Amino acid sequence: MQRLAFSWLAAAVAVAVTPAAHAAGPMTSLMGGRTFGMQPEEQVKHYAARAELGWPNLRLTYVVPFLDDLDVSPQFTMIYGRNLRAGVVGFEPGLEVRWNVWQQGEYSLAFYADPALLVWVPTDGEAGQVGLRLGAPGIVGGWQLASHINVFGGLKAPLSVAFGADTQVLLPVTAEAGFEVQAFRSEDVGVNATGLLAVGPELCLTGCDRSAELTLRVGLGASVVW
């Protein structure tokens with residue numbers, strides 16, 4: 001796991017110091033506190049999507065600007081582990097909600113939620129679980145470090161309820177940090193490289209053998225605007 005975290009950090013440094021190829025203006029940021037609808041008028045395109053691959057999931061998001069300061073985006077997550085444990089596969093279809101509440105120059109802040117249906121299946125043949133993630137509360141902020149670099153961080157506590165042999169009420173509390181770097185831009189399309197590291201305790205309020213365990217999420221990905 002240390003090697004995975006080191007690889008994430010090395011990738012972040014390598015991408016951040018590499019100039020954006022064929023850059024054609026400021027990046028369209030899809031992470032942190034800024035919403036898709038808040039981009040400068042000349043930068044806004046019709047469609048945007050993000051993909052992230054890492055531990056413990058693959059996550060796909062189709063970004064939809066519901067209002068200028070509110071994105072409500074369909075999201076699909078396939079999992080192949082939970083917290084620091086392998087042995088669980090499943091999927092989590094849901095939404096990503098990002099509501100910008102403050103913007104001052106290169107700084108931004110948003111409320112965040114990712115409600116979803118949870119379907120978890122142990123690979124050892126034990127009974128699976130079905131549940132709901134409320135996905136809130138959460139807050140994320142962004143800093144436009146340069147015209148083609150955005151860094152972001154946040155704190156999230158997405159309460160979840162999982163039904164199975166026992167009903168579990170789970171409250172992960174994670175701090176996250178990440179980067180978004182414009183890798184390519186033309187008049188018709190923009191591509192950003194992204195990275196995310198989130199870590200913190202997952203508290204089990206009822207129905208578990210342990211009251212808490214460490215949760216970790218590490219991912220690299222890309223966002224495309226066209």
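Let's see how each residue does on (1) over 15 Å from ARG34 (Cβ atoms); (2) touching a Cys at 6+ places or on another chain (Cβ under 8 Å); (3) surrounded by 16 or more Cβ atoms within 10 Å (Cβ to Cβ); (4) without any contact (Cβ under 8 Å) to a residue 40 or more places away in the chain:
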site	(1), (2), (3), (4)
PHE111	no, no, yes, yes
TRP120	yes, no, yes, no
PHE152	no, no, yes, no
GLN168	yes, yes, yes, no
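Just to verify a result, which residue in segment 170-189, among those that are farther than 20 Å from LEU216 by Cβ and either surrounded by fewer than 16 Cβ atoms within 10 Å (Cβ to Cβ) or of a type in the set (A, V, I, L, M) (or both), is nearest to the chain's Cα centre (by Cα)? Once the filter is applied, the top-ranked residue is VAL181.
Each residue in segment 190-201 was checked for being surrounded by fewer than 21 Cβ atoms within 10 Å (Cβ to Cβ) and either touching a residue at least 40 places away in the same chain (Cβ under 8 Å) or touching an Asp or Glu at 6+ places or on another chain (Cβ under 6 Å) (or both), and 1 of them qualify. Among the residues of segment 47-92, those identified as assigned to a loop (DSSP other than H, G, I, E, B) and within 13 Å of the chain's Cα centre (by Cα) are PRO56, VAL63. In segment 122-150, of all residues being modelled with pLDDT of 95 or more, of a type in the set (Gly, Ala, Ser) and closer than 19 Å to ASN100 by Cβ, the one that is surrounded by the fewest Cβ atoms within 10 Å (Cβ to Cβ) corresponds to GLY141. ASN100 falls short on exactly one of the conditions (1) polar (S, T, N, Q); (2) out of contact with any Asp or Glu (no Cβ under 6 Å at 6 or more places or on another chain); (3) modelled with pLDDT of 95 or more, and that condition is (2).
Per the listing ALA165, ALA177, the residue uniquely out of contact with any Lys or Arg (no Cβ under 6 Å at 6 or more places or on another chain), at pLDDT 95 or above and small (Gly, Ala, Ser) is ALA177.
Are any residues in segment 93-110 more than 13 Å from the chain's Cα centre (by Cα), in a strand (DSSP E or B) and not hydroxyl-bearing (Ser, Thr, Tyr), and if so, which ones? Within segment 93-110, PRO93, TRP99, ASN100, VAL101, TRP102, GLN103, GLN104, LEU109, ALA110 meet the criteria. Residue count for segment 61-103, restricted to those that are surrounded by fewer than 16 Cβ atoms within 10 Å (Cβ to Cβ) and closer than 15 Å to VAL224 by Cα: 1.
The values are calculated or read from the model by the stated rules, or taken from the named source; none is laboratory data. On a predicted model such as this, the values are computed, not experimentally measured, just so you know. Don't worry about glycine lacking a Cβ; one is built from the backbone with ideal geometry, like all the others, and counts go over all protein chains shown.
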